[in-house]
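S.K.: Can you read through this structure? Questions will come right after.
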Amino acid sequence: MRATTVSTQPIAGQKPGTSGLRKTTPEFMAPHFLENFVQSIWTGIGGLAGKTLILGGDGRYFNDRAAQVVLRMAAASGAARVIVGRDGLLSTPAASHLIRSRGADGGVILSASHNPGGPDGDFGVKFNIANGGPAPEAVTSAIFSASRSITEYAIVESQDVDLSVLGESRLGDMVVEVVDPVADYAALMERLFDFDAIAGLFASGFTLRFDAMHAVTGPYAAAILQDRLGAAPGSVVNATPLPDFGGGHPDPNPIWAHELMAAMSGPDAPDFGAASDGDGDRNMIVGRNCYVAPSDSLAVLAANATLIPACRGGLAGVARSMPTSQAVDRVAEALGIACHETPTGWKYFGSLLDAGLVTLCGEESAGTGSDHLREKDGLWAVLFWLNILARRRVPVARVMADHWQRYGRTYYSRHDYEALNADLANALMDDLRARLPDLPGTDAAGLIVRGADEFAYEDPVDGSRAEAQGLRIWFENGARAVFRLSGTGTVGATLRVYLERHDAQTLDYETQFALAPVIAAAEALAGIASRTGRTAPDVVT
Ligand code: G6P
Ligand code: ZN
């Protein structure tokens with residue numbers, strides 16, 4: 001088998017963002033684009049000779065073609081073995097687990113996460129390192145700089161590898177091992193949770209609706225929730241991964257998972273609803289007539305952690321991304337454990353988990369996870385909730401009410417302004433940043449600013465620093481507004497405004513109503529409407 005060297009030139013825009021490189025599908029399919037980036041990964045990690053990689057993706061359009069390219073390029077660069085999910089499928093958490101359980105040197109995940117797929121959708125490539133987690137800054141910047149000086153890439157000429165059949169084959173000197181994408185992951189879940197208790201819950205008539213949103217978690221959820229745990233057949237809906245996710249937007253929030261939200265309201269709704277995203281790392285939890293905000297979910301999991309076998313001995317600590325609400329901080333305080341505050345992006349949790357400083361972590365962007373692997377994990381969060389409910393035997397709404405009764409309620413919402421002109425969005429942030437020092441003591445639509453800064457983070461384990469991670473403004477009533485530009489969009493800029501307010505007395509306000517003063521203050525400070533012409537956010541979560 002011949003390895004060919006193809007001459008190429010740097011292609012602009014190959015800088016990995018919050019979670020790998022994400023572009024429109026046509027951009028990724030343009031000549032040399034994928035190949036340049038894959039070769040830059042190999043260079044950025046110091047070559048591939050003799051290494052073992054995990055490979056899989058969320059099944060979106062171009063996943064199958066891209067997987068073959070990655071295999072041919074891995075063979076050309078001397079990889080010893082690539083372990084790939086059948087049909088090129090692996091959820092992000094399953095890939096993270098396989099990297100760890102097989103002692104691989106890293107993994108390539110083909111996904112644009114919750115972004116729509118298809119010829120007009122998005123595509124993405126993420127590289128995870130040997131601990132199973134997203135490549136940290138040092139690695140992504142090495143990849144980026146390789147992409148800026150690339151002159152050639154190596155690829156073998158061969159037929160497609162048949163990825164539909166389990167077992168080993170060879171591509172040149174490299175072994176390609178096709179594995180069942182679900183088996184190892186399901187076995188891990190069985191070790192972490194009390195499957196007997198959850199099966200007992202279903203046996204007692206408890207009903208579930210899990211919406212896989214036509215994305216990768218369908219096979220995982222069907223195998224674990226229905227086949228192993230006994231949820232009624234048909235509990236997992238939209239369970240077949242489709243290249244365009246059925247034309248949907250596989251992001252598990254009340255806007256994009258509105259079908260599930262509708263199914264969960266009313267007296268005949270199932271007891272429990274959940275959804276996951278394109279690549280299976282996000283989760284949404286809904287009880288009957290009760291949506292659980294991701295930040296609250298993290299706090300509830302922390303408060304109830306000892307009910308699951310994996311955390312029976314308690315938590316070492318918890319971590320949340322800075323914009324995530326401070327609900328979990330209150331639980332950590334009550335438990336007497338540390339709560340770490342990191343920048344947005346799962347990669348920042350990796351060193352804390354590796355060092356054993358935290359057991360649980362989560363983000364407002366519907367991600368929750370633990371030290372069982374190094375990614376957030378959608379189905380794991382669902383099983384965690386089911387395990388809690390199996391032990392407590394109360395409705396989700398009651399779990400929430402009890403939690404707020406004890407800790408108070410942290411009203412929280414995120415307002416997104418999508419596809420803004422990038423210059424305009426940057427100018428808005430620059431102007432607000434420049435005014436931060438003068439804000440304390442001033443009045444913003446009736447709220448007095450107590451403090452303001454730009455979040456920077458120093459990793460307590462390896463000392464690495466991340467600057468410019470969002471503008472934070474606190475008010476005298478304890479409320480907080482955070483402004484940040486998204487690092488995962490593919491069109492223009494997305495401004496995210498994160499709003500929160502803690503209330504120990506009134507626990508049943510409608511969220512947007514409870515936050516109205518903070519929303520008004522944020523608008524007064526940033527002038528979003530006047531600067532962008534947008535009078536309302538595109539997405540409210
Ligand atoms: C991905 C990352 C998360 C991050 C989220 C939002 O899902 O894995 O860690 O919180 O994107 O990122 P963004 O930069 O768009 O706010
Ligand atoms: Zn995802």
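Every number in this text was worked out from the coordinates using simple rules, so none of it is lab data. Only a predicted model underlies this, so the values are computations on that prediction, with no experimental measurement involved. Using ideal geometry, Cβ is built from the backbone for each residue, glycine included, and neighbour counts are taken over all protein chains shown.
S.K.: Run down the aspartates and glutamates and flag those whose C-alpha is under 13 Å from the C-alpha of K51, throwing out any fewer than 8 positions away in its chain.
M.R.: Partners found: D105, D173.
S.K.: Report the Stokes-Einstein translational diffusion coefficient (µm² s⁻¹, integer) for the stretch 272-352, Rh taken as the Kirkwood radius over Cα pairs, at 25 °C with viscosity 0.890 mPa s.
M.R.: On the way: Rh = 13.8 Å.
Translational diffusion coefficient: 178 µm²/s.
S.K.: Where in the stretch 1-42 is the amide nitrogen less than 11 Å from a point lying 7 Å along the Cα-to-Cβ axis of N426?
M.R.: No residue qualifies, since no backbone N sits under 11 Å from the label point.
S.K.: Still on this model: Which value, to two decimals, describes the C-alpha radius of gyration of the stretch 166-248 once divided by 2.2 N^0.38 Å?
M.R.: Numbers: Rg = 16.0 Å, N = 83, 2.2 N^0.38 = 11.8 Å.
Against the compact-globule rule of thumb, the ratio is 1.35.
S.K.: Treat the stretch 1-143 as a sphere of radius equal to its Kirkwood radius over Cα pairs and apply Stokes-Einstein at 10 °C in a medium of 1.306 mPa s; give the translational diffusion coefficient in µm²/s, rounded to a whole number. Numbers along the way, then the final one.
M.R.: On the way: Rh = 14.9 Å.
In µm²/s, the coefficient is 107.
S.K.: Moving to a separate point now. When only Cα pairs under 8 Å and 6 or more residues apart are kept, what is the percent relative contact order across the chain?
M.R.: Working: 1267 pairs, mean separation 71.8, N = 541.
The value is 13 percent.
S.K.: Sorted by average packing, counted as other Cβ atoms within 10 angstrom per residue and highest first, what order do 201-207, 1-7 take?
M.R.: Values: 201-207: 14.9, 1-7: 11.7.
The densest-packed peptide leads the list: 201-207, 1-7.
S.K.: Something else now. Per 10 Å bin from zero, what fraction in whole % of the C-alpha pairs of the stretch 1-76 is there, up to the bin with the longest pair?
M.R.: Computed distribution, short to long bins: 15, 54, 30, 1.
S.K.: Order 512-518, 480-486, 79-85 from most to least packed using the mean count of other Cβ atoms within 10 Å. Write down the numbers at each step before the final one.
M.R.: Details: 512-518: 17.9, 480-486: 21.7, 79-85: 23.4.
For the peptides 512-518, 480-486, 79-85, the packing ranking is 79-85, 480-486, 512-518.
S.K.: How big, in percent, is the set of alpha carbon pairs in the stretch 338-466 lying more than 26 Å apart?
M.R.: On the way: 3819 of 8256 pairs.
So the pairs more than 26 Å apart make up 46 percent of the total in the stretch 338-466.
S.K.: In the P(r) worked out for the stretch 185-407, what percent of Cα pairs fall beyond 27 Å?
M.R.: On the way: 6311 of 24753 pairs.
Summing the P(r) of the stretch 185-407 above 27 Å gives 25 percent of all pairs.
S.K.: Per the helix-only calculation at 222 nm, which mean residue ellipticity applies to the chain, given -39500 (n - 2.57) for every DSSP H run of n ≥ 4 and division by its residues, nearest 500 deg cm²/dmol? Walk me through the intermediate numbers first.
M.R.: Details: 17 runs with 170 residues, N = 541.
Calculated from helices alone, the mean residue ellipticity at 222 nm is -9000 deg cm²/dmol.
S.K.: How far apart, in nanometres, would the label points at A187 and T535 be if each is projected 7 angstrom from Cα along the Cα-to-Cβ direction?
M.R.: A separation of 5.9 nm, rounded to one decimal place.
S.K.: Across 5 Å bins from 0, what is the distribution of all Cα-Cα pair distances for the stretch 409-540, in whole percents?
M.R.: In whole percents, the pair-distance histogram is 2, 10, 20, 22, 19, 15, 8, 3, 1.
S.K.: Now a separate question. How big is the stretch 100-220 on each of its three principal axes, counting only the C-alpha atoms and giving the largest first in Å?
M.R.: 63, 32, 32
S.K.: Quick check on the chain: of the DSSP beta bridges with both residues there, what percent are antiparallel, nearest 5%? It would help to have the intermediate numbers written out before the result.
M.R.: Working: 65 of 94 bridges.
Roughly 70 percent of the beta bridges in the chain run antiparallel, per DSSP.
S.K.: Okay, moving on. State, as an integer percentage, the relative contact order of the stretch 433-476 based on alpha-carbon contacts under 8 Å between residues 6 or more apart.
M.R.: Working: 67 pairs, mean separation 16.1, N = 44.
It rounds to 37 percent for the stretch 433-476.
S.K.: Follow-up question, since we're still on this one. What are the residues whose amide H is under 5 Å from the amide H of V237, where those residues sit 5 or more places off or on another chain and H is modelled from the backbone?
M.R.: Answer set, sorted by chain and number: F210, D211, A212.
S.K.: Let me ask something else. V491 versus A445, label points 7 Å from Cα toward the beta carbon: distance in nm?
M.R.: Going by the 7 Å Cα→Cβ label model, 2.7 nm.
S.K.: Could you state the per residue volume, in Å³, of the convex hull enclosing the Cα atoms of the chain? Walk me through the intermediate numbers first.
M.R.: Details: hull volume 74.6 nm³, N = 541.
Normalising the Cα hull of the chain by residue number yields 138 Å³.
S.K.: Contour minus end-to-end for D508 and A355, with contour as 0.36 nm per residue of separation and end-to-end as the Cα-Cα distance? Could the numbers behind the result be given before it?
M.R.: Working: separation 153, 0.36 × 153 = 55.08 nm, distance 3.92 nm.
Here the answer is 51.2 nm.
S.K.: Would you list, by chain and number, the lysines whose Cα falls below 19 Å from the Cα of K15, excluding same-chain residues fewer than 8 positions away?
M.R.: Reachable lysines: K23, K126, K347.
S.K.: Tell me the relative contact order for the stretch 39-185 as a rounded percent, counting alpha carbon contacts under 8 Å between residues six or more apart.
M.R.: Dividing the mean separation by the residue count of the stretch 39-185 yields 34 percent.
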